[in-house]
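Q: This is the structure I have questions about; it appears just below.
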Amino acid sequence: MEHPDRAQAVTIISPVHRSWALWLGLTWPLANRLAAVNRPLLRLAFIHFAHWSLVRRMPPRARGADARRLPHPYVLFQSNFNDDLNAYIDAFSLVVPGRMRAMWQGVFGFPGPRPVDRFVSFVRARATPTQYYYCAYPEASSTMISSALALSEEHRRFAAEAAGLGDAAFAARYAEFLTRAQLLM
Amino acid sequence: MSRSAEQPTALIVMAPVRGGAEQSVLALLAALPSGPDSPFARVRTTHFARVLLIPALSDEHGEPVSPAQAYLLFTADFDGPLEQWAATAAREIGADLDRVFEHCERYPGSRDPSAFLHFIDEHRVAAGFSIIAYRASVAAVRESLELARELRGFAVASQGLGASELASAWRERFAG
């Protein structure tokens, strides 16, 4: 599960109470649209992409047969994140405990997001080892990418402004650009 | 799922593995090249991909569900629609995918694009709630990282230049 690259993968599949699966199925579409739900998770700044899903059944073994219902619904969590799994879970526990409850409360055996140690043990015990992982830009953290994209946009605006400037005006604008962009570099 | 032009598509496929094939799957995954030699590097719109074997689902007590059934979980985040990605994957890395997925029940192979896509659709798990830190294509991410590297280098190298030299150097480097 731990790789030398910045991006790491974690995958957890856990059985969940049917009533909780119903709650998740109803609330996720709304949560996806609410910036107030997403923003605190994005501010953690170490997630590239993360997805929560519900798995309820498998396709039939033979054509024309019925789909096979699993004994429980399962929550499947998979995330692409930076660096260290313990730090990742710590941050979830300390910064967004309410959101962790809203996501995991109905999972069998969920101990709650605090104390952190119990939550870390819960996640580690349920994480399935990743046998194969690919990242298209392994050298970059999520923050590096977000900053680089913002810097690209700043630079595009600066280049458009600078196109018709004389040298002295260019130098002044470049200094302004550097001031704006230094935190993104 | 609604999707803007720049939001990557999430593909999650979970397929039952034929009984007794678990060790073969693990050996195949261990032998797949990684990093820049990864097959997924040939599907250039792929941000992330993972393949793993779930040996068995657990019951509410944490015990393996009986009868034991292993699953292959494949996930990928990529630019553009699934159909386009699947067609490229079948063409570019179909043989690699086939070697792994042929151990799954009812896998038809990647040579028949419609059957391949049907298998994916049939075993696809919808992403319910997602956190997406950046909505940009693989190409845009790579270009931005490269530009950031160049701009850092330029900022250091251009310290102390006069206005005329600075403008000239920047135009030569970035305005061409």
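The values are calculated or read from the model by the stated rules, or taken from the named source; none is laboratory data. Note that the structure is a prediction, hence the values are computed from the model and not measured. Don't worry about glycine lacking a Cβ; one is built from the backbone with ideal geometry, like all the others, and counts go over all protein chains shown. Areas reflect the complete protein model, heavy atoms only, side chains present, ligands, DNA and RNA absent. Shrake-Rupley method; radii C 1.70, N 1.55, O 1.52, S 1.80 Å.
Q: Separation between the B:Ala56 and A:Ala169 pseudo-spin-labels, each 7 Å from Cα along Cα→Cβ, expressed in nm?
A: 7.5 nm
Q: Relative to the Cα centre, what is the charge dipole magnitude of the stretch B:25-170, using +1 at the beta carbon of each Lys and Arg, -1 at the beta carbon of each Asp and Glu, and rounding to the nearest 20 debye?
A: Details: 12 positive and 19 negative charges, 85 e Å.
About 400 debye.
Q: Put +1 on the Cβ of every Lys and Arg and -1 on every Asp and Glu Cβ in the protein assembly as shown; which of A:Ser19, A:Leu151, A:Val95 then has its Cα farthest towards the positive end of the dipole?
A: A:Ser19
Q: Still on this structure: Name the residues of the stretch A:58-99 whose amide N is less than 20 Å from a point 7 angstrom out from the Cα of A:Ala45 along the C-beta direction?
A: A:80-97
Q: Could I ask something else about it? Taking the Cα centre of the protein assembly as shown as the origin, how large is its charge dipole in debye, to the nearest 20, when only Lys and Arg (+1) and Asp and Glu (-1) carry charge on their Cβ atoms? Kindly include the intermediate steps, with their values, before the conclusion.
A: Working: 37 positive and 35 negative charges, 211 e Å.
Charge dipole, the protein assembly as shown, about its Cα centre: 1020 debye, nearest 20.
Q: Just to confirm my numbers, what's the Cα centroid distance between the stretch B:50-110 and the stretch B:122-165 in Å?
A: When both Cα centres are located, 31 Å separates them.
Q: Checking an interface number: how much accessible area is buried between B and A, summed over both chains, with a 1.4 Å probe, in Å² rounded to 100?
A: Working: alone 11170 and 11520 Å², together 16610 Å².
Chains B and A together bury approximately 6100 Å².
Q: With the crude spin-label approximation of a point 7 Å out along Cα→Cβ, what separation in nm comes out for B:Ser158 versus B:Ala139?
A: 2.6 nm
Q: Quote the FRET efficiency, to the nearest 0.05, computed for B:Gln84 versus B:Asp37 with a Förster distance R0 of 22 Å and r equal to the Cβ-Cβ distance. All intermediate terms of the calculation are to be shown ahead of the outcome.
A: Numbers: r = 24 Å, r/R0 = 1.07.
Efficiency, from the Cβ-Cβ distance: 0.40.
Q: Just name one of B:Phe174, B:Phe101, B:Leu53: the one whose Cα is farthest towards the positive end of the charge dipole of chain B (beta-carbon charges, Lys/Arg +1, Asp/Glu -1).
A: Going by the Cα projections, it comes out as B:Phe174.
Q: Now for a different question. Suppose R0 equals 35 Å. What FRET efficiency, 1/(1 + (r/R0)^6) with r the Cβ-Cβ distance, do A:Val116 and B:Ser24 give to the nearest 0.05? Provide the component values of the computation, followed by the final result.
A: Numbers: r = 39 Å, r/R0 = 1.12.
Using R0 = 35 Å, I get an efficiency of 0.35.
Q: Something else: According to the square roots a ≥ b ≥ c of the eigenvalues of the Cα gyration tensor, what is the shape class of the stretch B:1-72, taking rounded for a/c under 1.5, prolate for a/b larger than b/c otherwise, and oblate for the remainder?
A: Details: a/c = 3.24, a/b = 1.46, b/c = 2.22.
Oblate is the answer for the stretch B:1-72, as a/c is 1.5 or above yet b/c matches or exceeds a/b.
Q: Given H placed on each backbone N at 1.01 Å, which residues far from A:Leu70 in sequence or on other chains put an amide H within less than 5 Å of it?
A: The answer is A:Arg57, A:Met58.
Q: For the stretch B:52-68, list whatever residues lose no less than 50 Å² of accessible surface once every protein chain is in place, relative to that chain by itself, with the probe at 1.4 Å.
A: Listed in order, they are B:Leu52, B:Leu57, B:Glu60.
Q: Also: For the stretch B:50-148, what is the accessible area per residue in Å², given a 1.4 Å probe and the full set of protein chains? Mind showing how you got there, number by number?
A: Numbers: 4090 Å² over 99 residues.
Result: 41 Å² of accessible area for each residue.
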